[in-house]
1. For PRO30, what charge total do you get from the other residues with a beta carbon under 12 Å from its beta carbon, if Lys and Arg give +1 and Asp and Glu give -1?
2. For every helix of n ≥ 4 consecutive DSSP H residues, a contribution of -39,500 (n - 2.57) applies; sum these over the chain, divide by its total residues, and give [θ] at 222 nm rounded to the nearest 500 deg cm²/dmol.
3. Fully extended, how many nm does the chain gain between ALA63 and GLU87 (0.36 nm per residue separation, minus their Cα-Cα distance)?
4. Normalising by the residue count of the chain, find the relative contact order in percent from Cα pairs under 8 Å and 6+ residues apart.
Amino acid sequence: MGQRIIGLTGGIATGKSTVSHYLETHQGLPILDADLYAREAVAVGAPILAAIAQRYGPGLLHADGSLNRPQLGQIIFNDQGEKGWVEQQIHPFVRQRFAQEMATLGAMPTVVQAIPLLFEANLTDQVTEIWVVTCPEAVQIQRLMVRDGLDRESAIARIRNQWPLAEKAARAHYVIANDTTLEALYPQVERGLL
């Protein structure tokens with residue numbers, strides 16, 4: 001049997017980070033995080049950040065040269081064309097970082113790639129199985145409003161900018177329902193590893 005590469009995904013605020021943290025701390029599995037690589041792509045001084053600032057103007061940067069994420073979010077969550085342009089800058093970089101990290105890990109029997117946009121970014125080819133973390137949309141909206149300080153409308157806009165959870169779940173090898181407690185969540189994670 002070859003290397004097991006779990007593509008961990010779901011919707012925004014469904015609990016992917018909670019699951020990946022559990023896999024890392026309780027199972028000792030290496031977690032490769034697409035969000036981390038996406039942040040590297042737009043770090044101060046990065047060529048991709050420069051391209052974004054050139055397209056949208058220097059007002060998109062804070063005084064220290066870092067990306068004003070809320071302002072970029074206002075642009076891309078309300079314009080599919082601009083969202084596509086930004087993703088075309090970032091997704092190839094993220095794919096390259098995954099390849100680099102996989103090479104350094106070598107023949108680890110199981111690796112988790114946490115990729116919120118696994119389907120949207122066409123990264124399914126780099127994993128051997130797909131786990132989708134789900135929860136009811138009402139729970140998702142509430143978590144997003146609390147976590148990111150968003151109003152209801154903004155939270156819904158971000159959810160709508162991703163594939164529907166039901167569609168992701170239909171393509172999954174394993175679905176984890178994160179709609180109640182951690183005590184209910186963790187045994188599901190364990191079962192997925194069997």
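Every number in this text was worked out from the coordinates using simple rules, so none of it is lab data. These numbers come from a predicted model, not from an experiment. Here the Cβ is made from the backbone with ideal geometry for all residues, glycine too, and neighbour counts use every protein chain on show.
1. On the way: positive: ARG4; negative: GLU24, ASP33, GLU101.
Taking every Cβ under 12 Å from that of PRO30, the sum is -2.
2. Numbers: 9 runs with 103 residues, N = 194.
After summing the helix terms and dividing by the residues of the chain, the value is -16500 deg cm²/dmol.
3. Working: separation 24, 0.36 × 24 = 8.64 nm, distance 2.42 nm.
So the extension gain works out to 6.2 nm.
4. Values: 248 pairs, mean separation 71.6, N = 194.
It rounds to 37 percent for the chain.
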